[in-house]
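Undergrad: Structure incoming, see below.
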Amino acid sequence: MLEKNKGIFWSIGLVIGCILWGASFYQMKDAMVYIQPLPFVAVRMFGGAIVIGVLALISGRNLLKHPKQGIILGVLLSSILITQTLGLKITTASNSGFITGMFIVTVPFFSLLFYKERTSLLKCFAIGVNLVGLWFLTGGLTRINAGDVWTLITALVCGVQIVYLSKIMKQEKMDAFVLCFQMFFVTALAALVFSLVLGIPYHFGSKGNILRIIYLIIFPTVLSFILQVVAQKYISTVRASLLLTAEPVSAALFAWTLGGEKYVPIAAFGGFLMVAGMIISEIPENKKIKKGAS
């Protein structure tokens, strides 16, 4: 009963984290009017590493614990954030949020590839629904832009990260704070190196933009990632991937409201199809969850 209550509690926590992520898309796009994508990732992740590192040290944690897993997750996270940020610079916040959400249909494939878990025919149908939705959302091949392609890469790497994170959090005694610190530090270092090699300047813009970056460091970085990492310790991979669909939904809603982006009905229909495909893809797994998975 205690484990079940923890599962419910952290499921709610994960949804809250997803809403914070979704709300951050239009804010990141606004921030990158003044700061370039790679410097933005470097600053955001270094800031997150500092905040969470201080909290970890105060509580007596060893920041060098389980470095292998932290480095692997750091490489995955750097790939996710760099490609997503590059894509967001070009495409719209709503497109970025919805396309990123396609990770949910990659999770079963990576589970099969890495852990020999078979994929049902219903999941294959769900993939088709998502692809049709993506076509409507982006305008098809005639209107798809480079930002959408970058974001598709983000979705693929997200699938790998979710499967791997779920595995290590359940099979090994991982410290969520230490793991997040290592992920953030590796990601920040990668973005810093790439930006310096490419000679990209670090301009932060106005005081208002600096405050926006600080907000992005504390809430959709430190808080949301802690919620995700801890949640995947207590809930199944399938349930986590299903709950994570709250991110693209909230991204579109915030972009079309507070973000001031133009509401396009055909794009909204495409987003609806993508979310429908995400949900359909998890129906068989949800039945298994009722039989035993948390």
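The values are calculated or read from the model by the stated rules, or taken from the named source; none is laboratory data. Since this is a predicted model, take the numbers as computed values, not measurements. Using ideal geometry, Cβ is built from the backbone for each residue, glycine included, and neighbour counts are taken over all protein chains shown.
Undergrad: Could you check Gly47 against (1) modelled with pLDDT of 85 or more; (2) closer than 18 Å to Leu165 by Cβ and say which number it fails?
TA: Unmet condition: (2).
Undergrad: Condition test on Thr92, is it more than 18 Å from Ser224 (Cα to Cα) and polar (S, T, N, Q)? Give the derivation first.
TA: Working: more than 18 Å from Ser224 (Cα to Cα): yes; polar (S, T, N, Q): yes.
Criteria met by Thr92.
Undergrad: Here's another thing I want to ask about it. Can you list residue pairs whose Cβ atoms sit under 8 Å apart, with the first residue in segment 190-212 being touching a residue at least 24 places away in the same chain (Cβ under 8 Å) and within 14 Å of Ala31 (Cβ to Cβ) and the second being exposed (fewer than 14 other Cβ atoms within 10 Å of the Cβ) and of a type outside the set (D, E, K, R)? Count only pairs 6 or more apart in sequence or on different chains.
TA: Pairs found: Gly205/Val33; Asn209/Val33.
Undergrad: Filter segment 4-29 for residues that are of a type in the set (D, E, K, R) and touching a helix residue (DSSP H, G or I) at 6+ places or on another chain (Cβ under 7 Å); which is surrounded by the fewest Cβ atoms within 10 Å (Cβ to Cβ)? Reasoning before the result, please.
TA: Initial filter on segment 4-29 (of a type in the set (D, E, K, R)): 4, 6, 29.
Subsequent filtering for residues that are touching a helix residue (DSSP H, G or I) at 6+ places or on another chain (Cβ under 7 Å) retains 6, 29.
Values: Lys6: 16, Lys29: 19.
Of everything passing the filter in segment 4-29, Lys6 is surrounded by the fewest Cβ atoms within 10 Å (Cβ to Cβ).
Undergrad: In this structure, does Val107 turn out to be modelled with pLDDT under 90, buried (at least 16 other Cβ atoms within 10 Å of the Cβ) and within 30 Å of Glu172 (Cβ to Cβ)? Before the answer, list the steps.
TA: On the way: modelled with pLDDT under 90: yes; buried (at least 16 other Cβ atoms within 10 Å of the Cβ): yes; within 30 Å of Glu172 (Cβ to Cβ): yes.
The answer is yes for Val107.
Undergrad: Same structure again: Take segment 47-61 and flag every residue that is within 18 Å of Val222 (Cα to Cα) and either surrounded by fewer than 24 Cβ atoms within 10 Å (Cβ to Cβ) or of a type in the set (S, T, N, Q) (or both). Write out each step before concluding.
TA: Kept after step one, since they are within 18 Å of Val222 (Cα to Cα), are these residues of segment 47-61: 47-59, 61.
Once the filter is applied, which keeps residues that are within 18 Å of Val222 (Cα to Cα) and either surrounded by fewer than 24 Cβ atoms within 10 Å (Cβ to Cβ) or of a type in the set (S, T, N, Q) (or both), segment 47-61 yields Gly47, Ile50, Val51, Gly53, Val54, Leu55, Ala56, Leu57, Ile58, Ser59, Arg61.
Undergrad: Against the definition (closer than 20 Å to Ile218 by Cβ, part of a loop (DSSP other than H, G, I, E, B) and of a type outside the set (A, V, I, L, M)), how does Arg44 come out, yes or no? I'd like the intermediate steps shown before the answer.
TA: Details: closer than 20 Å to Ile218 by Cβ: yes; part of a loop (DSSP other than H, G, I, E, B): no; of a type outside the set (A, V, I, L, M): yes.
Against the criterion (closer than 20 Å to Ile218 by Cβ, part of a loop (DSSP other than H, G, I, E, B) and of a type outside the set (A, V, I, L, M)), Arg44 does not qualify.
Undergrad: Hey, among Leu211, Leu179, Leu137, which residue is among the aliphatic types (A, V, I, L, M), closer than 27 Å to Val43 by Cα and buried (at least 16 other Cβ atoms within 10 Å of the Cβ)? Working first, answer last.
TA: Working: Leu211 fails: buried (at least 16 other Cβ atoms within 10 Å of the Cβ); Leu137 fails: closer than 27 Å to Val43 by Cα.
So the residue among Leu211, Leu179, Leu137 that is among the aliphatic types (A, V, I, L, M), closer than 27 Å to Val43 by Cα and buried (at least 16 other Cβ atoms within 10 Å of the Cβ) is Leu179.
Undergrad: Give, as residue ranges, the helices (runs of 4 or more DSSP H) completely inside segment 49-161 that count at least 3 residues that are touching a Phe, Trp or Tyr at 6+ places or on another chain (Cβ under 9 Å).
TA: Working: elements: 67-90, 93-100, 103-115, 121-138.
Where helices (runs of 4 or more DSSP H) fall fully within segment 49-161 and carry at least 3 residues being touching a Phe, Trp or Tyr at 6+ places or on another chain (Cβ under 9 Å), they are 67-90, 93-100, 121-138.
Undergrad: OK, next. Being among the small types (Gly, Ala, Ser) and assigned to a loop (DSSP other than H, G, I, E, B) is the filter; apply it to segment 245-273 and report the residue that is farthest from the chain's Cα centre (by Cα). Spell out how you get there, then give the answer.
TA: Initial filter on segment 245-273 (among the small types (Gly, Ala, Ser)): 246, 250-252, 255, 259-260, 267-268, 270-271.
Keeping just the survivors that are assigned to a loop (DSSP other than H, G, I, E, B) gives 259-260.
Numbers: Gly259: 19, Gly260: 23 Å.
Filtering segment 245-273 for residues that are among the small types (Gly, Ala, Ser) and assigned to a loop (DSSP other than H, G, I, E, B), the one farthest from the chain's Cα centre (by Cα) comes out as Gly260.
Undergrad: For segment 162-204, name all the residues that are in a helix (DSSP H, G or I) and of a type in the set (Ser, Thr, Tyr). Give the derivation first.
TA: Taking segment 162-204 first, the residues in a helix (DSSP H, G or I) are 162-171, 176-197.
Tyr164, Ser166, Thr187, Ser195, listed by residue number.
Undergrad: Condition test on Phe98, is it closer than 24 Å to Gly260 by Cβ and buried (at least 24 other Cβ atoms within 10 Å of the Cβ)? Spell out the reasoning first.
TA: Values: closer than 24 Å to Gly260 by Cβ: yes; buried (at least 24 other Cβ atoms within 10 Å of the Cβ): yes.
Here the answer is yes, as Phe98 does meet what is asked.
Undergrad: Within the bounds of segment 65-85, is there any residue that is among the charged types (D, E, K, R), farther than 15 Å from Thr151 by Cβ and in contact (Cβ under 8 Å) with a residue 60 or more places away in the chain? Outline the logic, then answer.
TA: Keep residues of segment 65-85 that are among the charged types (D, E, K, R), which gives 65, 68.
Next, from what is left, pick out any that are farther than 15 Å from Thr151 by Cβ: 65, 68.
Restricting the remaining residues to those that are in contact (Cβ under 8 Å) with a residue 60 or more places away in the chain gives 65.
Taking every residue of segment 65-85 in turn, at least one turns out to be among the charged types (D, E, K, R), farther than 15 Å from Thr151 by Cβ and in contact (Cβ under 8 Å) with a residue 60 or more places away in the chain.
Undergrad: What about Leu242, is it buried (at least 22 other Cβ atoms within 10 Å of the Cβ), in a helix (DSSP H, G or I) and out of contact with any strand residue (DSSP E or B) (no Cβ under 8 Å at 6 or more places or on another chain)? Outline the logic, then answer.
TA: Details: buried (at least 22 other Cβ atoms within 10 Å of the Cβ): yes; in a helix (DSSP H, G or I): yes; out of contact with any strand residue (DSSP E or B) (no Cβ under 8 Å at 6 or more places or on another chain): yes.
Judged against the criteria, Leu242 is a match.
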